[in-house]
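Every number here is computed from the coordinates shown, using simple stated rules; none is lab data. Remember, it's a predicted structure, so these values are computed and weren't measured experimentally. A quick note on method: Cβ atoms are made from the backbone with ideal geometry, for glycine too, and the neighbour counts reach across all protein chains shown.
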């Protein structure tokens with residue numbers, strides 16, 4: 001599978017390729033994914049709603065053809081120039097505001113709204129985020145583990161998006177105080193502003209199921 005950060009995408013070239021006649025010409029991410037042995041690769045378009053800052057279709061226009069199985073069977077990467085079957089690609093897109101995406105593109109996805117976690121679910125969310133940090137940050141070994149129930153409760157008052165930053169800040173506050181143990185007071189009292197619930201899409205060109 002491959003993941004593309006749509007918020008940083010300014011043209012579609014990195015996805016569908018750029019003619020090698022240009023100095024920076026090369027095949028796109030879709031071509032690269034299709035070269036693997038998997039017949040149904042997954043391509044994740046992260047933050048699709050942020051892909052069109054100027055309101056044009058230059059960045060997302062390629063999706064109109066690739067999300068339709070008939071036209072996706074004849075996908076041609078601009079750098080390769082050969083038609084290839086991309087109809088078995090499974091497309092997953094995420095966004096914060098579905099209203100910012102062209103309705104014609106949204107209609108090609110199955111829209112799944114993901115609500116904010118409930119209070120009882122937040123400890124599991126925090127544990128998952130904290131475990132990711134434990135596996136990637138060497139400096140965290142200096143601190144005593146695990147986080148106390150009181151610290152987790154303080155973090156649970158934050159939004160999932162704010163938890164990672166709050167955990168890092170809490171460790172920094174503890175270190176500044178010369179402690180190897182994080183206490184509730186180390187957790188920032190700031191609260192993330194209200195925002196729309198994130199929404200995720202799942203689309204599979206080769207799916208025969210129709211949902212209503």
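Quick notes on this structure:
- Label zone (residue 36, point 7 Å along Cα-to-C-beta; backbone nitrogen cut-off 14 Å) within the stretch 1-16: 1-4.
- Fewest neighbouring Cβ atoms within 10 Å first, the residues 112, 101 line up as 112, 101.
- Look at where the Cα atoms of the stretch 1-39 and of the stretch 102-181 average out, and the two centres are 32 Å apart.
- Sorted by Cβ density within 10 Å, fewest first, the residues 118, 50: 118, 50
- Separation of the residue 119 and residue 144 label points, Cα + 7 Å toward Cβ, nm: 2.9 nm
- By other beta-carbon atoms within 10 Å, ranking 76, 8, 136 with the fewest at the front produces 136, 8, 76.
- FRET efficiency, residue 85 to residue 172 (Cβ-Cβ, R0 41 Å, nearest 0.05): 0.20
- Using a Förster distance of 45 Å, the FRET efficiency for residue 157-residue 20 (Cβ separation, nearest 0.05): 0.25
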